[in-house]
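Reading through the structure tokens given below for one structure.
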Amino acid sequence: MTKYYHIIRKILRQVAVTLYKGYTRPNISVLNKTGDVCYILGNGPTLRTELNLAAEGIRNEAVFVVNFFALSSEYQEIRPRYYVFADPTFWDTSISHEFQDRGTSVLELIKNTTDWELDIIIPYAAAKRFVAFFKDKPNIHVYYFNLSTFDTDTRLDYSVYESGYGAPHIQNVLVLAVFASILAGFKEVNLLGAAHSWLEELRVNAENEVCLLDKHFYDDNQDVKLLPWKKIAGGIYKMHEILIDLSRTFLGYHKMQNFALHKGVKIYNCTEGSYIDAFPRKKL
């Protein structure tokens with residue numbers, strides 16, 4: 001009885017949040033799927049090597065990229081069809097100007113360099129900002145869905161996910177990209193550049209600040225520095241806060257694997273040495 005009570009509470013809360021925030025029907029369901037196979041490119045340090053190994057697939061199949069990928073020269077070479085954003089850096093005006101400016105510079109780069117058909121996928125909270133930003137770019141289309149967390153650990157979850165009105169907890173943009181690829185109808189999803197090996201890069205300095213040697217495939221080696229891990233809302237992460245968020249990230253992949261199995265979708269992790277343990281591995 002207690003279990004059903006909590007499920008009913010979650011359903012009622014979901015409805016209340018939807019009505020309160022004025023959500024319209026998500027348009028993710030009309031996303032144009034190209035083929036049955038896709039590649040999702042994370043921004044981890046192994047990606048450039050993996051792009052070389054998967055060059056033929058990258059050329060011939062649909063490609064998803066995420067967050068700051070446009071900073072790389074590969075953006076205009078690959079010409080991805082899908083671009084996924086999950087970081088409030090790109091739309092939240094309440095965060096520090098340092099983060100806002102970084103996000104805006106990436107959006108400007110996309111607007112000025114993208115001369116092919118591009119489908120941008122975002123949470124509903126970002127819809128107003130993105131629609132206005134790209135309104136003069138007829139080749140760039142904005143798709144969104146509601147990311148209000150809905151997690152009852154029952155098959156009811158899948159019906160809510162398929163509707164676009166709810167999602168499992170989305171802690172990381174690659175979890176969102178996998179979720180979007182399943183909703184779009186792809187039958188095989190290949191994950192590259194997803195080492196997620198932050199535990200190896202964490203340090204605590206003499207001031208007891210948690211620092212990260214944050215590495216991306218598009219960084220110059222000289223640009224990679226050990227810096228305090230800042231929150232976009234201000235302040236620096238505590239170690240327990242980071243570990244909680246990392247736990248949610250890895251749990252999110254297991255939720256995606258369960259959803260994929262429900263939908264008959266195969267997800268492969270093609271990243272050498274990845275910390276993600278939810279998906280079967282595939283060697284490129």
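Quick check, is LEU71 at pLDDT 90 or above and either of a type in the set (Ser, Thr, Tyr) or over 19 Å from the mean Cα position of the chain (by Cα) (or both)?
On the way: at pLDDT 90 or above: yes; either of a type in the set (Ser, Thr, Tyr) or over 19 Å from the mean Cα position of the chain (by Cα) (or both): no.
So LEU71 fails the test.
Residues in segment 79-94 that are in contact with a helix residue (DSSP H, G or I) (Cβ under 6 Å, 6 or more places away or on another chain) and either farther than 23 Å from GLY35 by Cβ or without any contact (Cβ under 8 Å) to a residue 40 or more places away in the chain (or both): ALA86, THR89, PHE90, TRP91. Restricting ILE244, ILE232 to residues that are of a type outside the set (D, E, K, R) and either at pLDDT 90 or above or out of contact with any Asp or Glu (no Cβ under 9 Å at 6 or more places or on another chain) (or both) narrows the list to ILE244. Pairing each residue of segment 156-170 that is at positive phi with any residue that is modelled with pLDDT under 75, provided the two are 6+ apart or on different chains, yields C-beta distances under 7 Å for GLY164/PRO26; GLY164/ILE28; GLY164/SER29.
I'd like the full set of residues that are crowded, with 22+ Cβ neighbours inside 10 Å and touching a Lys or Arg at 6+ places or on another chain (Cβ under 9 Å), limited to segment 124-160. Scanning segment 124-160 gives ASN146, PHE150. Is it the case that segment 124-135 has a residue that's touching a residue at least 40 places away in the same chain (Cβ under 8 Å), of a type in the set (A, V, I, L, M), on the phi < 0 side of the Ramachandran plot and part of a strand (DSSP E or B)? No, the conditions are met nowhere in segment 124-135.
The values are calculated or read from the model by the stated rules, or taken from the named source; none is laboratory data. These figures come from a predicted structure and were not determined experimentally. Virtual Cβ from ideal backbone geometry, glycine too; neighbours counted across all protein chains shown.
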